[in-house]
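Peer 1: I have a structure I would like to understand better, so I am pasting it below and will then ask my questions one at a time.
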Amino acid sequence: MKKLAPICAGLLILLSAPVFAETHAAEALEHASAAMIHGKAGHTPVMLEHAKAALEDALAASIEAKGVLKNSIEAGAEELQEAIDQGTLGHVGRATKHLEAAVTHLNAGNEK
C-alpha cells in the first residue's frame, strides 16, 4: 500500500506533461501574436517584450512536448529568437516577418 501512492503520483505527472506543454504553447502563441501586432505598428520595445515572453513560454513548452507539437514549438522558438535579434538591431520589419512565421508554427502546433 505504501508503494501505491508514489506510483499513482508518478503516473499523474507523466499523464499531465502534455497538458503543461499545451498550456505553455497557447501562452507562447498569445504573446507572439501580440508581438506581431506591435511590430506591425512599429512599437519595438513592446514587440520585444512580448517576443521574449513568447520565447520563454515556447521553450518551456518544448521541454514537455512530444512529436509534431514539439517540432512546431521548436520551429516557432527559432523564429522568435530571430525576431528578438532583428528587433534588438532595430530591424522591425524583419522582426515582424519572423514573428509572422513564429505565429504560423505555433498555430500549427496548437491545432494538433
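Peer 1: Pairs of alpha-carbon atoms within less than 8 angstrom and 6+ residues apart define the contacts here; what relative contact order does region 18-111 have, in percent?
Peer 2: Rounded, it is 36 percent for region 18-111.
Peer 1: Label-point separation (nm) for residue 85 and residue 44, each offset 7 Å from Cα along Cα-to-Cβ?
Peer 2: 1.8
Peer 1: Pairs on different chains or at least eight residues apart, Cα atoms closer than 22 Å: how many lysine pairs in region 18-111 fit?
Peer 2: 5
Peer 1: Measure off 7 Å from each Cα along the Cα-to-Cβ vector at residue 66 and residue 37, then give the distance between these two points in nanometres to one decimal.
Peer 2: 3.5
Peer 1: Between region 70-112 and region 27-61, how far is it from one alpha carbon centroid to the other, in angstrom?
Peer 2: Centre-to-centre distance over Cα atoms comes out at 9 Å.
Peer 1: With θ taken as phi - 60° and the coefficients 6.51, -1.76 and 1.60, list the Karplus ³J(HN,Hα) couplings across region 66-81 in order, rounded to whole Hz; mark glycine and proline as x.
Peer 2: My calculation for region 66-81 gives 9, x, 5, 4, 4, 4, 5, 5, 5, 5, x, 5, 4, 5, 5, 4 Hz in order.
Peer 1: If each residue of separation counts as 0.36 nm, what is the full-extension length gain between residue 104 and residue 30 once their alpha-carbon separation is subtracted?
Peer 2: Extra length from residue 104 to residue 30 when fully extended: 25.4 nm.
Bear in mind these aren't lab numbers, they're just calculated from the coordinates by the rules spelled out. All values derive from a computational prediction rather than experimental measurement. Counting neighbours? That spans all protein chains shown, and the Cβs are built from the backbone with ideal geometry, glycine included.
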